[in-house]
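Novice: My questions will all concern the structure given below.
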Amino acid sequence: MGQTQSSTSVASPSSSASTRCPVDHSALAKQHPPDTPSAAASCPVDHASLAKRAQSSSSAASCPVDHASISKSSLATPAQCPIQPDPLDPRNHLPTLTQERAPSQTTDLPTDRTKSSIPRDAAGNWEYPSPQQFYNALVRKGWETPENEIETMVQIHNFLNEKAWEEVHKWEADVNKDEDLQLVRFKGRPGELSPKARFWLFVGWLLPERFNTEPPFDRHDWIVRRPSTGEEVRYVIDYYGAPPLPDGSPVFSLDVRPALDDFGSISMRVRAATREAWAKAAPDATSSHT
């Protein structure tokens, strides 16, 4: 919807078709024998108005739609869905988050925003949403959240993003550890499982006693720029929950890695997997010689 051009052409009927009554009077007469009232009186077509329309020089005049105006409008712009969503910021795929209270809100929430350590561009860093903006975003998505938990949720949200950025730096250190990286844009994709998440869910289904059987509760795609070269690399982040600590504190696990979009990212993944394999094999090799 919104991508197809609507057709404005109308087939012009012939002059005989435009003047002939569309009702079969012979069949109608059979239904109304001569001893009944006039059969023609039972015809549902207004013959007088039909004759007037037939005298018109333009056959399209009988159509109640203004073809000229519809042609101009449909040629000027393609058909579009009449319900348009709020415009999204291409950097984070989010609408402008208001600081106003939600209609059903019962308590005031802070509107102060915290600056992150994550550079957006050469001009400055990203700012995290305020608790009020965070709450408005949840309301917009239809997620019911207790208002007294919003500030804690914002703190967890900010903490996880900072940790994700640290993991990105660890990956990028293989390429250039002194690079001043920038997170130029990102997109939240909750509910969309990455191929790796699907694989581990399958493994968990096969071996539930050894592997996690819960899907990630969130996913982000981050586009990271290397300013020295202008190269942009997509990172995939899967957010997992873990059993809480004995004191009830929540525990989370992040799976951060470059997406397999190009040879450079594939090489990074292969080197990391090789290092992990050697690290696991090294203690075994040492113990075998003692």
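Novice: Before anything else, pin down the relative contact order of the stretch 140-245: Cα pairs under 8 Å, at least 6 apart, normalised by residue count, whole percent.
Specialist: 25 percent.
Novice: Taking the number of other C-beta atoms within 10 Å as the exposure measure, put E276, E144 in order starting with the fewest.
Specialist: Exposure proxy ranking, most exposed first: E144, E276.
Novice: For K141, K196, which order do you get if you count the other beta carbons within 10 Å of each Cβ and list the fewest first?
Specialist: K141, K196
Novice: On to the next question. Among M153, M268, which comes first, then next, by fewest other beta-carbon atoms within 10 Å?
Specialist: Going from sparsest to densest Cβ surroundings: M153, M268.
Novice: Then there is this: Please work out the ratio of the alpha-carbon Rg of the stretch 89-203 to 2.2 N^0.38 Å and round it to two decimals. Working shown, then result.
Specialist: Working: Rg = 16.6 Å, N = 115, 2.2 N^0.38 = 13.4 Å.
For the stretch 89-203, the normalised Cα radius of gyration comes out at 1.25.
FYI, it's all coordinate maths here, none of it is from the lab. Note that the structure is a prediction, hence the values are computed from the model and not measured. Counting neighbours? That spans all protein chains shown, and the Cβs are built from the backbone with ideal geometry, glycine included.
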